[in-house]
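Chemist: Before I ask anything, here is the structure I am working with.
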Amino acid sequence: MASADPPDLRRALRLGGLPCLWLAFAVMMVRNYLGDPYDPSLEGTAAYGHNQEGALLQGLGLSLSELIILMGILRPWSYDRSWGRGMATFALLLPWTALAILSMMHSGGVFALHALWLMVVLIGVLVLTIVSAVASKTGR
């Protein structure tokens, strides 16, 4: 039984990591929306914490757009200790994540999952930037 060569495995993780993470969050968004679909009979504060009309398409559209932008900035197919790309991504993602966290205050689970997606990506990009900077400075 042949195992994957470490460089091939690293390349697969580099290219497929973010899309697989997005797919996992997309599945969670769909499950949440199916469990708590838009209910037009809820009005006022009774609607707090429930998904709004069109929440699933908005959540999936926003997160897919963010994935495309992230892939365009980080360019994982050519990423080699490129800590500057990570830092630029972190700088762009930080205020966007803060806005997503604030906007989920009275929204349903789909927008909460969208904010969680951004927080996970933000932490991942921060770790990637630090590891890339250290590797760049030490020559590893």
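Every number here is computed from the coordinates shown, using simple stated rules; none is lab data. Everything numeric in this text was worked out from a predicted model, so none of it was measured. Glycine gets a Cβ as well: all are built from the backbone with ideal geometry, and neighbour counts include every protein chain shown.
Chemist: Between MET28 and ALA91, what is 0.36 nm times their sequence separation minus the Cα-Cα distance? Round to one decimal in nm.
Modeler: 20.0 nm
Chemist: Still on this structure, please answer the following. Using unit Cβ charges (K, R positive; D, E negative) and no other charged atoms, how large, in debye to the nearest 20, is the dipole of the chain about its Cα centre?
Modeler: Charge dipole of the chain: 860 debye, to the nearest 20.
Chemist: Oh, and also: Helix 109-138 against the longest principal axis of the chain: what's the angle in degrees, Cα atoms only, rounded to the nearest 10?
Modeler: Relative to the chain, helix 109-138 is tipped by roughly 10 degrees.
Chemist: Something else about it: Which of the listed residues, ALA100, SER136, PRO76, is farthest toward the dipole's positive end in the range 40-140, when Lys, Arg count +1 and Asp, Glu count -1 at the beta-carbon?
Modeler: Sorting the options by dipole projection puts first SER136.
Chemist: Now for a separate question. Figure the gain on full extension for ASP80 and SER41 (residue separation times 0.36 nm, minus the Cα-Cα span) and round it to one decimal in nm.
Modeler: 8.8 nm
Chemist: Further question on the same structure: Which value in deg cm²/dmol, rounded to the nearest 500, describes the helix-derived mean residue ellipticity at 222 nm for the chain, given -39,500 (n - 2.57) per DSSP H run of n ≥ 4 and division by the residue count?
Modeler: Helix contribution divided over all residues of the chain: -25500 deg cm²/dmol.
Chemist: Then there is this: Treating the angle as unsigned and between 0 and 90°, give the value, to the nearest 10°, between the Cα long axis of helix 6-35 and the longest Cα principal axis of the chain.
Modeler: For helix 6-35, the angle is close to 0 degrees.
Chemist: What order, most packed first, do the peptides 131-138, 108-115, 83-90, 34-41 have when packing is the mean number of other Cβ atoms within 10 Å of each residue?
Modeler: Per-residue Cβ counts within 10 Å, averaged per peptide and sorted highest first, yield 108-115, 83-90, 131-138, 34-41.
Chemist: If I stretch the segment between GLU53 and ALA133 completely, what's the gain in nm (0.36 nm per residue apart, minus their alpha carbon distance), one decimal?
Modeler: 24.5 nm
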